[in-house]
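First comes the structure, then the notes that go with it.
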C-alpha cells in the first residue's frame, strides 16, 4: 500500500506546483502589462508660459515635441511646483570685470528671492571651486558668509561646473536642479572640456542660468576653447536656461526663482527610435506659448 500511494502523492504535488507556476506566470505577465507606458519612457524638463501672462493651464495638447526631427507622442505634461536645489556658481577670479561688492550683491539677491523649500549652495571659483555657503535657505546666514568672496587666480569655469555637478547635484536625482553661473564665460586652464561639461548638464537635465559680467577678453579669439560669450550662450540655450546682465541682479533673481517654481513642467514620452548618438530635441508651443528645454539628449 505504501508503495502504491507514493506515485499518487508525487503526481498531486507536481500538479499543484505546475498550477502555482502557471498562476505566478500569469500574475507576472499581468503585472508587466499594467505599466506599459513606463518602460523606455523619457522625461525632460520644460519651461512653458503664455505670452499674455494668462493663467489658463498649459496641457500636452498645447505642446509639440520633436526628437531627431520626428514628432513624438507626449504621454504626460504636468506642472512641477516642487522645491528647487540651486547652485550659485560665482567667478571670483582676479581679472573678472566686477568687484567683490558686485559679486556679493548678485548672490545676495537670490538669497531673498528663493521660495519656501528652495535651498541655495553658493560656490566661488578661481583655480579651484570652494563652498562659500553650504545648502541653506537662511538669507541672514548667507549674507554673513558672502564675505568669503575674493578675487584671485584664473577662472577654471568648466572644472567648477563639473565639480558642482558631480559633488552636489548628481546625487539629488529626485530634486529640481539648476545652476546659476555669475561670470563672463571665460575659462582659463580647466582640465574639463566644455563639450563634456555641457553634455553632462544635458544628460542630467540641469538648467543653467547665466548672470553675465562684461567680457574681459573683449571678444578676442582663443585657441582650443570657445569665446566667453559663446560659452554663456551655449550653456543657457543648450540646457533651457536664460541670460541676464549682472547690472540688474534683483530682476535676474526674481525672474529665475519665479520661473523655477511657477513655469516648470515635466514632459514624458516614449521615443519612437533608440539611437546611440546624441539626439536633437525641440519643444514647441502653440501660438502665444513660449517654451524652453534642453536642446540635446546625449547618449546614455
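Read-outs throughout are calculated quantities, based only on the coordinates presented, and are distinct from any laboratory measurement. Quick caveat, the model's predicted, so the values are computed rather than measured. Please note: Cβ atoms are built from the backbone with ideal geometry, for glycine as well, and neighbour counts cover all protein chains shown.
In degrees between 0 and 90, to the nearest 10, how far off the longest principal axis of the chain does helix 100-113 point, with axes built from Cα atoms?
Relative to the chain, helix 100-113 is tipped by roughly 40 degrees.
Taking just the alpha carbons, could you work out the radius of gyration and Dmax for the chain, both in angstroms?
Cα-based Rg and Dmax for the chain come out at 25.4, 102 Å.
Within the chain, what percent of beta bridges assigned by DSSP are antiparallel, to the nearest 5?
Bridges in the chain are about 55 percent antiparallel.
Kindly give Rg over Rh for the range 147-300, based on alpha-carbon atoms, with the Kirkwood expression for the hydrodynamic radius.
Ratio of gyration radius to Kirkwood radius: 0.97.
Sorted by packing (mean other beta-carbon atoms within 10 Å per residue), highest first, where do 207-215, 127-135 land?
207-215, 127-135
Mind listing the Cα extents of the range 155-234 along all three principal axes, in Å, largest one first?
Principal-axis extents of the range 155-234 (Cα, largest first): 41, 24, 17 Å.
With everything on Cα atoms, drop me the angle between helix 2-33 and the longest principal axis of the chain, reported from 0 to 90° to the nearest 10.
Computed tilt is about 30 degrees.
With each label point set 7 Å from Cα along the Cα-Cβ vector, what nm distance links residue 150 and residue 227?
Here the modelled spin labels are 3.3 nm apart.
Could you tell me how many degrees, from 0 to 90 and to the nearest 10, lie between the Cα long axis of helix 228-239 and the main elongation axis, the longest principal axis, of the Cα atoms of the chain?
30
So between residue 272 and residue 82, what do we pick up on full extension, going 0.36 nm a residue minus the alpha carbon distance?
Working it through step by step, the gained length comes to 65.5 nm.
Sorted by packing (mean other beta-carbon atoms within 10 Å per residue), highest first, where do 245-257, 220-232, 149-161 land?
My ranking of the peptides, most packed first, is 149-161, 245-257, 220-232.
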